[in-house]
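Asks: The structure under discussion is supplied below as structure tokens; questions concerning it will follow.
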Amino acid sequence: MNTQSNFSKTPLLLSAIFFCIFLSTFLFLHRLVINNNERSQLKEKEWQNETFRRDEIKALNRSVETVKEEKARLETHFAQSSDIVPFLDTIEELGRKIGAKAEFISVDILKDGTGLMVSMKASGAFQALYKFITLLENSPYELEFIEMNMRRGTEPNSANNKNVSISKWDATFKIKLLSFVK
């Protein structure tokens with residue numbers, strides 16, 4: 001019994017207390033490390049998502065830049081309601097370039113909004129009117145010829161020589177612009 005009394009229970013108890021303190025500190029710090037690791041993984045995932053989104057935006061911007069020219073070319077095939085005057089000016093300019101005089105009689109937007117109806121009169125030499133019709137058919141706009149009437153007329157050659165006449169042709173067109181965006 002003597003040996004048991006020499007052996008003090010105090011160091012064992014202190015050792016057990018320190019062990020519990022260190023163990024609980026270790027578990028607390030271990031839990032903090034795990035929580036920080038989870039948070040850092042979430043932040044890294046958010047960062048990767050944001051990086052991926054930015055890369056997609058950059059790629060989209062690059063593809064928009066590459067199709068910008070094609071988009072502009074495609075838009076020239078459509079006349080918008082705000083672009084009626086430039087469309088009509090283009091047709092008049094076509095007539096002037098080939099020596100035909102083109103005048104508009106009426107311009108009406110169809111009730112259903114699917115097209116624009118243009119009535120016009122053109123005059124000039126037969127070759128000029130033929131080229132004018134060909135240019136209209138091959139214009140970038142989608143046109144449908146509803147009605148066309150051509151007739152031959154004569155015009156005095158000059159003020160001095162009224163007996164001599166040259167061939168002049170008159171044509172009236174009714175054209176529907178199908179590629180019209182209201």
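Asks: What FRET efficiency, computed as 1/(1 + (r/R0)^6) with R0 = 22 Å and r the Cβ-Cβ distance, is obtained for LYS174 and TYR130, rounded to the nearest 0.05?
Replies: With a Förster radius of 22 Å, E is 0.75.
Asks: Estimate the FRET efficiency between LYS121 and GLU69 by the formula 1/(1 + (r/R0)^6), using the beta-carbon distance for r and 35 Å for R0, to the nearest 0.05.
Replies: Numbers: r = 37 Å, r/R0 = 1.05.
Calculated value: 0.40.
Asks: Let me ask another. For the pair LEU60/GLU93, report the inter-label distance in nm, with labels modelled 7 Å from Cα in the Cβ direction.
Replies: 3.6 nm
Asks: Under 5 Å between amide H atoms, partner at least 5 residues away or on a different chain: which partners does GLU142 have, H built in plane at 1.01 Å?
Replies: LEU178, SER179
We did not get these values from a lab; they are worked out from the coordinates using the rules stated. Because the structure is predicted, anything quoted here is derived from the model rather than measured. So basically every Cβ, Gly included, is an ideal-geometry build from the backbone, and we count neighbours across all protein chains shown.
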